[in-house]
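Visitor: Could you have a look at this structure, given as structure tokens, before my questions?
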Amino acid sequence: MKVFSKETLLKNMVEHPYDTNQDLVARVNFFFRSEDGRLTIAYYESPAGWFDVSVEGFSEIDYVLEGEVQLSSRSGKVVARKGEAFLIEDGDSFRWHNVKPSKMLFFIYPVTKDISDLIDSFYSRQQGRRPSIEYPSSG
């Protein structure tokens, strides 16, 4: 068993830029990856702002620790606040809007090669820093 302290979650935070809104930069720490490499868990902090999302090949569950998140698509809107979780499924496309600065935990399954490469790029872009818990490489 292991406890992930607040210090552990904050220790290896890296910037998470967004191609669809370059004015928004969140911070994230992918602090766990399952032994088989198919599940990853991250701690996430973001200022208020938006970005567009298209999910391909995986699903994601987000648990809001602080703040408020609104997901809007042609089929409707979902709002999640502190203490609530939401599911994003393969094939979903929407605008993510952090209505307030937000802190979350999120779980991605299965980790695709594209997701693994994206995670690797966050850390390699920032002076070779690695997650606080090692996980299998994408190769």
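Any read-out appearing in this document is the output of simple, stated calculations on the displayed coordinates, not a laboratory observation. Remember, it's a predicted structure, so these values are computed and weren't measured experimentally. Cβ placement follows ideal geometry from the backbone for every residue including glycine, while neighbour counts extend to all protein chains displayed.
Visitor: Which value, to two decimals, describes the C-alpha radius of gyration of the chain once divided by 2.2 N^0.38 Å?
Guide: 1.00
Visitor: Calculated FRET efficiency, residue 10 and residue 63, Cβ-Cβ r, R0 22 Å, to nearest 0.05?
Guide: 0.80
Visitor: How large, in Å, is segment 1-52 by the Kirkwood hydrodynamic radius built from its alpha-carbon pairs?
Guide: 12.4 Å
Visitor: At a 10 Å Cβ-Cβ cut-off, how would you order 50, 96, fewest neighbours first?
Guide: Fewest-to-most ranking of 50, 96: 50, 96.
Visitor: Round to the nearest 10 and give me the degree value, 0 to 90, for the angle of helix 113-125's Cα axis relative to the longest principal axis of the chain.
Guide: That helix lies at roughly 70 degrees to the long axis.
Visitor: DSSP loop GluC sites (Glu not before Pro) in segment 27-88 with at most 16 other Cβ atoms within 10 Å of their Cβ, which ones?
Guide: Counting only loop positions with at most 16 other Cβ atoms within 10 Å, the GluC sites (Glu not before Pro) in segment 27-88 are 35, 56, 84.
Visitor: What lysines could a cross-link reach from residue 82, if we take a straight Cα to Cα line under 27 Å and drop same-chain neighbours fewer than 8 places away?
Guide: The reachable lysines, counting only those whose Cα sits under 27 Å from residue 82, are 2, 6, 11, 100, 103.
Visitor: GNM on the chain, C-alpha springs below 10 Å: top fluctuator among 75, 121, 93?
Guide: 75
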